[in-house]
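I have placed the structure first, in the form of structure tokens, so that the comments after it can refer back to it.
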Amino acid sequence: MEKDYVVFSQRIAGFLMLNGCKLKKVSKSKKDESMLVYFFSNNETVRGLVNSYNQKIKINGGVRYVIRTN
């Protein structure tokens, strides 16, 4: 059974969904119940988009807008 890709950031979860990744489940964080945890399939597309997102943050010093990649 494949483990899920777990995302703790609402912004990254939104970026993934805007770029076609299907959200599998949302639940409250075990550490802080005021926070949500987002679950996606652990595949190359999701990992690639997260890496792309993180690179944009490093290059731009923060994300002010998101450009769809598909």
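The values are calculated or read from the model by the stated rules, or taken from the named source; none is laboratory data. Because the structure is predicted, anything quoted here is derived from the model rather than measured. All Cβ positions, glycine included, derive from the backbone under ideal geometry; neighbour counts span all protein chains shown. When the accessible area is computed, the model is the full protein with side chains, heavy atoms only, and any ligands, DNA or RNA have been set aside. Shrake-Rupley method; radii C 1.70, N 1.55, O 1.52, S 1.80 Å.
Of note:
- Residue pairs whose Cβ atoms lie under 7 Å apart, sitting 6 or more positions apart in sequence or on different chains, and linking a residue in region 6-24 that is assigned to a helix (DSSP H, G or I) to a partner that is loosely packed, with under 14 Cβ neighbours inside 10 Å and modelled with pLDDT under 95, are Phe15/Val66; Leu18/Val66; Leu18/Arg68.
- If you go through region 36-46 and pick out every residue that is in contact with a Lys or Arg (Cβ under 7 Å, 6 or more places away or on another chain) and either open to solvent by 60 Å² or more (accessible area, probe 1.4 Å) or in a loop (DSSP other than H, G, I, E, B) (or both), you end up with 2.
- Just one of the listed residues (Ile59, Ile12, Ile67) is at pLDDT below 90, of a type outside the set (D, E, K, R) and within 15 Å of the chain's Cα centre (by Cα), and it is Ile67.
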